[in-house]
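The values are calculated or read from the model by the stated rules, or taken from the named source; none is laboratory data. Keep in mind the model is a prediction, meaning the values are calculated, not measured. As a convention, Cβ positions derive from the backbone with ideal geometry for all residues, glycine included, and neighbour counts pool all protein chains shown.
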Amino acid sequence: MCAARAGQRGRRVLLLDHWPKVAEKIRISGGGRCNFTNLYTSADNFLSDNPHFCKSALSRFTPRDIIALLQKHRIGFHHKHKGQLFCDDSAERLICALLQECAAGGVTHWQPCAVQAVEGASSGFRLRTSRGWVAAPALVVATGGLSIPQIGATALGYRIAEQFGLPVVPPRPALVPLAFDPQQWAPYAQLSGVSLPVRIRTGNDCPPFHDDLLFTHRGLSGPAILQVSSYWRGGDALHIDLFAGLDETAWCKRKIGNRRTLSAELGVHLPQRLAQQLAASTAQAQQRMADLSDKTLRTLWRQWHDWQLHPSGTLGWRKAEVTAGGVDTRALSSTSMMARKVPGLYFIGEVVDVTGWLGGYNFQWAWSSAVACADAL
Ligand SMILES: Cc1cc2nc3c(=O)[nH]c(=O)nc-3n(C[C@H](O)[C@H](O)[C@H](O)COP(=O)(O)OP(=O)(O)OC[C@H]3O[C@@H](n4cnc5c(N)ncnc54)[C@H](O)[C@@H]3O)c2cc1C
């Protein structure tokens, strides 16, 4: 996006990438259909040490603008839910569109081409690459994060930042399944495949998310977990409301004339296998709802309304959709993405400490930051 736009503005652009295939993450994203934006994108959908940083770029290249690009290339798309837009066909169409835009801007494209070293020079930068030395007055680093090293993610962007004296917020896996100590998880491992809607939060600055949670052999996954994983820090508890939508009073009223056992009643609200598992650890499981005291019902409701679990870690870089942390935004201009103290050096996309929620926000940040940069080159 940045190369195409800069080229079309008359800049002479060389695009370098070490991986044999172009835009691999667009290709594999959204189950092959790329959730390329979210209609409701705002700064509130991003994590960053500086939550205001992303506002300028997001306001200047919006979801409407990326939609216009798809329309220009006659790429069909649809709204799935919660503002998420996906390509109708293959994400490959979007990659072709970006390559056509690059061609229209006269961009020279070397791929695969490894970048072995970067040097500052009086007139800009010199790069040692697998195809020889190149020199340029400006260098845009768009190397992404560390997620999915099996398709080419590397730490080059962070290394360049550090080489030029820019601080880096320590990168950590985000939008990632969470794992539990195998012994602690043993009773739940058999629930693998069970999914249910929940309300969930963790840590101090995590907003509550309403989405589906999925039990796995090793822990928890599903959109609800991916969302909170970006906020989760070692030692934090997950607070899960299994009764999302059923308030305390409504639950207590369920006892009136109810001859079901507590175990059977749980099965009305939750998937059967989970209901049985929770009942197995509840002394009153076989008592009839009608016979339970209000006090007991309230205690049980509070327990499942705020079910607390302590993950032992994440499934790491190989399973993380994105990387939280990255080049510290305090070192960058929010209008141009240029390093304040290194004229001509720019950082865009996921390598920057701006991380979107699940739902198309990360691509929107990639497009918006790319355009902000291109327009300043
Ligand atoms: C499985 C998966 C699904 C996803 N689905 C979605 C989705 O549906 N919607 C959404 O918004 N986001 C999604 N994301 C996140 C999204 O893909 C990224 O946030 C986005 O691609 C970041 O764009 P970028 O240009 O900053 O980095 P990337 O797309 O990661 O591109 C970085 C490029 O830099 C190259 N590179 C890396 N190191 C070097 C080096 N040393 N030398 C030369 N080149 C190098 C890489 O080969 C790569 O081509 C998904 C991520 C994954 C892993």
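Just a few scattered comments:
- Being in contact with a strand residue (DSSP E or B) (Cβ under 6 Å, 6 or more places away or on another chain) and crowded, with 16+ Cβ neighbours inside 10 Å holds for only one residue in T202, T216, and it is T202.
- Filter result (in a helix (DSSP H, G or I), near the ligand (Cβ under 8 Å from one of its atoms) and polar (S, T, N, Q)) within the range 1-56: S29
- Positions within the range 280-314 being in contact with a helix residue (DSSP H, G or I) (Cβ under 7 Å, 6 or more places away or on another chain) and among the small types (G, A, S), in sequence order: A285
- Scanning the range 1-50 for residues that are buried (at least 16 other Cβ atoms within 10 Å of the Cβ), over 22 Å from the mean Cα position of the chain (by Cα) and over 16 Å from T143 (Cβ atoms) returns A4, R5, A6, G7, Q8, R11, V13.
- G120 surrounded by 13 or more Cβ atoms within 10 Å (Cβ to Cβ), of a type in the set (G, A, S) and on the phi < 0 side of the Ramachandran plot: yes
- Candidates I67, I75 - the one that is assigned to a loop (DSSP other than H, G, I, E, B), assigned by TED's automatic domain parsing to the domain that holds G344 and either polar (S, T, N, Q) or away from the ligand (no atom under 13 Å from the Cβ) (or both): I75
- Across the range 149-173, the qualifying residues are those that are closer than 24 Å to G313 by Cβ and within 7 Å of the ligand (Cβ to nearest atom), and the one among them that is surrounded by the fewest Cβ atoms within 10 Å (Cβ to Cβ) is T154.
- All positions within the range 332-377 that are near the ligand (Cβ under 7 Å from one of its atoms) and part of a strand (DSSP E or B): G356
- Matching strands (runs of 3 or more DSSP E) fully within the range 161-236 where at least 3 residues are of a type in the set (A, V, I, L, M, F, W, C) and over 30 Å from R340 (Cβ atoms): 195-202, 209-215
- Of all residue pairs spaced 6 or more apart or on separate chains, those with beta-carbon atoms under 6 Å, a first member in the range 356-372 that is touching a residue at least 40 places away in the same chain (Cβ under 8 Å) and a second member that is assigned to a loop (DSSP other than H, G, I, E, B) and near the ligand (Cβ under 9 Å from one of its atoms) are L358/L175; W367/M1; S369/I348; A370/M1; A370/I348.
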